[in-house]
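**Q** Structure in structure tokens, see below.
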Amino acid sequence: TKLDLHSNRIGQLPESIGDLVYLVNLNLSGNQLSSLPPAFSRLIHLEELDLSSNSLSTLPESIGSLVSLKKLDVETNNIEEIPHNISGCSSLKELRADYNRLKALPEAVGKLSTLEILTVRYNNIRQLPTTMSSMANLKELDVSFNELESVPESLCHAKTLVKL
């Protein structure tokens, strides 16, 4: 099931969004969302979630409950940190968080063993977590236009990385 509500003026989602338990694809890009309701945690079949171009400053802790999530796009928001329980998204293959206010990535990112694409361009990231070497399937990592002071040596051991 797919629900496309992109490019509207939605500022808030009702708690009843959690009743759409069989939802697979949800596009909320280009709205005015500043937060997500706790009921989001009930969308356990969700595979693709597009929250790009909103006004989010945080992602809810409940994001870690989305065990079927394969693609998460939170580009162009005001997000300052990615919650540690992002590691609960055990099926995640693609995470796009460009154009935010991230200062760091949580160590938990290294537990995303299925992640293939990670883009965090245009943020304020100073260092990458050392756990990134555990990301066995990471093929593309884009950290351009940040404030990196060094690259962790462990990143050099990422055997599947083809684009850095």
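The values are calculated or read from the model by the stated rules, or taken from the named source; none is laboratory data. Just so it is clear, the model here is predicted, and its values are computed rather than measured. Because the Cβ atoms are built from the backbone with ideal geometry, glycine has one as well, and the counts that use them run over all protein chains shown.
**Q** So, residue 81, is that one at negative phi, within 11 Å of the chain's Cα centre (by Cα) and not aromatic (Phe, Trp, Tyr) or not?
**A** yes
**Q** Can you tell me which residues in the stretch 32-57 are under 11 Å from the mean Cα position of the chain (by Cα) and in a loop (DSSP other than H, G, I, E, B)?
**A** 51, 52
**Q** Also, quick follow-up: Could you say which residue among 92, 138, 105, 49 is surrounded by 22 or more Cβ atoms within 10 Å (Cβ to Cβ) and touching a strand residue (DSSP E or B) at 6+ places or on another chain (Cβ under 6 Å)?
**A** Result of the check over 92, 138, 105, 49: 49.
**Q** Can you tell me which residue within the stretch 125-135, out of those that are in contact with a helix residue (DSSP H, G or I) (Cβ under 8 Å, 6 or more places away or on another chain) and surrounded by 16 or more Cβ atoms within 10 Å (Cβ to Cβ), is nearest to residue 93 (Cα to Cα)?
**A** Result: 135.
**Q** Is there a residue in the stretch 98-108 that is among the charged types (D, E, K, R) and in a strand (DSSP E or B)?
**A** Checked against the condition, which is being among the charged types (D, E, K, R) and in a strand (DSSP E or B), the stretch 98-108 yields no hits at all.
**Q** A further question follows. How many of the residues in the stretch 2-36 are of a type in the set (Val, Ile, Thr) and closer than 18 Å to residue 72 by Cβ?
**A** If we filter the stretch 2-36 for residues that are of a type in the set (Val, Ile, Thr), which is where we start, we get 10, 17, 21, 24.
With the extra rule that they be closer than 18 Å to residue 72 by Cβ, the set shrinks to 17, 24.
Counting residues in the stretch 2-36 that are of a type in the set (Val, Ile, Thr) and closer than 18 Å to residue 72 by Cβ gives 2.
**Q** Here is a further query. Return yes when residue 65 is more than 14 Å from the chain's Cα centre (by Cα) and either without any contact (Cβ under 8 Å) to a residue 40 or more places away in the chain or more than 26 Å from residue 121 (Cβ to Cβ) (or both) and no when it is not. Even if it seems obvious, please write down each step before you answer.
**A** Values: more than 14 Å from the chain's Cα centre (by Cα): no; either without any contact (Cβ under 8 Å) to a residue 40 or more places away in the chain or more than 26 Å from residue 121 (Cβ to Cβ) (or both): yes.
Considered against the rule, which asks whether it is more than 14 Å from the chain's Cα centre (by Cα) and either without any contact (Cβ under 8 Å) to a residue 40 or more places away in the chain or more than 26 Å from residue 121 (Cβ to Cβ) (or both), residue 65 comes out as no.
**Q** For the stretch 112-164, what are the residues that are among the hydroxyl-bearing types (Ser, Thr, Tyr), over 19 Å from residue 75 (Cα atoms) and at pLDDT 90 or above?
**A** 113, 114
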